[in-house]
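**Q** Handing you this structure, nothing more for now.
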């Protein structure tokens with residue numbers, strides 16, 4: 001997993017919505033997630049695959065169902081990476097110019 005894969009996975013609004021749904025519910029099956037979207041199940045599968053590949057989701061098969069939940073250790077690493085990035089990118093405060 002690389003930070004590029006994570007940011008690419010997060011770049012799509014539907015994937016962020018999947019994460020929001022999982023954050024609220026704890027875990028959901030693929031079928032339960034599909035109820036929240038109007039696109040096809042193969043499209044949902046594509047989005048889930050991208051999130052799993054980026055290590056943002058854990059999945060567990062139970063019988064014929066697959067359940068997804070947020071991989072909290074990677075989510076915490078992501079938050080730390082973003083905070084570090086923002087800390088390094090903070091602009092220096094600008095001084096107000098005086099009128100002459």
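**Q** Please give the per residue volume of the convex hull enclosing the alpha carbon atoms of the chain, rounded to a whole number of Å³. Mind dumping the intermediate values first?
**A** Working: hull volume 14.5 nm³, N = 100.
With only Cα atoms used, the chain gives 145 Å³ per residue.
**Q** Now a separate question. Jot down the per residue volume, in cubic angstrom and as a whole number, of the convex hull over the alpha-carbon atoms of the stretch 1-42.
**A** 92 Å³
**Q** Still on this structure, please answer the following. Using the alpha-carbon atoms, what tilt in degrees (0 to 90, nearest 10) does helix 13-25 show relative to the longest principal axis of the chain?
**A** 70 degrees
**Q** What is the distance, in nm, between label points placed 7 Å from the Cα along the Cα-to-Cβ direction at residue 29 and at residue 49?
**A** So the two model labels end up 2.2 nm from each other.
No value in this document is a laboratory result; all are computed from the given coordinates. Predicted model, so just to flag it, every value in this text is computed and none were measured. Because the Cβ atoms are built from the backbone with ideal geometry, glycine has one as well, and the counts that use them run over all protein chains shown.
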